[in-house]
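Novice: There's a structure below that I have some questions on.
The values are calculated or read from the model by the stated rules, or taken from the named source; none is laboratory data. None of these values were measured; they are calculated from a predicted model. Cβ sites come from the backbone with ideal geometry, for glycine too, and all protein chains shown count toward neighbours.
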Amino acid sequence: MKPLHTFAVLLALATSPLEAGGRIAVYVSPRIAFAPATIVIRTTIAKNADNRAMELEIDGEEYYRSSLVQLEGEDARRTISIELRNLPGGIYHVRATLVHGELLNS
């Protein structure tokens, strides 16, 4: 018999504020929810001419998603939001990684 309440616990990595010298910040809302959950992942990116893409990964035991968002250097949007619906219960690690122009050429 399955329990009536399953929780989705979300852990955001790389959440240092940009004012503290960070290049990217990740915010997950809500951080804890009943499954199946709808969550919003919001990233805030410091402006940089070398920013070409951001890879966002959501990794759990029964669910994985990876998205690559193209960025346009200094002209890129500073905030990017992604909504996930019907997320199954579990513990998730959320990672956001910036891809720079020199990395794309190697």
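Novice: I need the strands (runs of 3 or more DSSP E) fully contained in segment 1-57, keeping only those with at least 1 residues that are over 18 Å from residue 99 (Cβ atoms), of a type in the set (A, V, I, L, M) and at pLDDT 50 or above. Talk me through it step by step, then tell me what you get.
Specialist: Numbers: elements: 7-12, 24-29, 32-34, 37-45.
Because the criterion is at least 1 residues that are over 18 Å from residue 99 (Cβ atoms), of a type in the set (A, V, I, L, M) and at pLDDT 50 or above, the strands (runs of 3 or more DSSP E) in segment 1-57 that meet it are 24-29, 32-34, 37-45.
Novice: Across segment 68-96, what is the total count of residues that are without any contact (Cβ under 8 Å) to a residue 60 or more places away in the chain and either of a type outside the set (Gly, Ala, Ser) or loosely packed, with under 15 Cβ neighbours inside 10 Å (or both)? Steps first, please.
Specialist: Step one: filter segment 68-96 for residues without any contact (Cβ under 8 Å) to a residue 60 or more places away in the chain, giving 68-86.
Still in the running and either of a type outside the set (Gly, Ala, Ser) or loosely packed, with under 15 Cβ neighbours inside 10 Å (or both): 68-75, 77-86.
The number of residues fulfilling the criteria is 18.
Novice: Which residue is surrounded by the fewest Cβ atoms within 10 Å (Cβ to Cβ), if the candidates are limited to segment 25-51 and must be under 14 Å from residue 70 (Cα atoms) and aliphatic (A, V, I, L, M)?
Specialist: 49
Novice: Working only within segment 63-80, note down all residues that are at pLDDT below 90 and farther than 16 Å from residue 100 by Cβ.
Specialist: 77
Novice: Still on this structure, please answer the following. Considering only residues that are in a loop (DSSP other than H, G, I, E, B) and of a type in the set (Gly, Ala, Ser), look in segment 63-96 and name the one that is nearest to residue 26 (Cα to Cα). Outline the logic, then answer.
Specialist: Our first condition is that a residue be in a loop (DSSP other than H, G, I, E, B); within segment 63-96, this holds for 63, 71-72, 76-78, 88-89.
Now restrict to residues that are of a type in the set (Gly, Ala, Ser): 76, 89.
On the way: 76: 16, 89: 21 Å.
Here the answer is 76.
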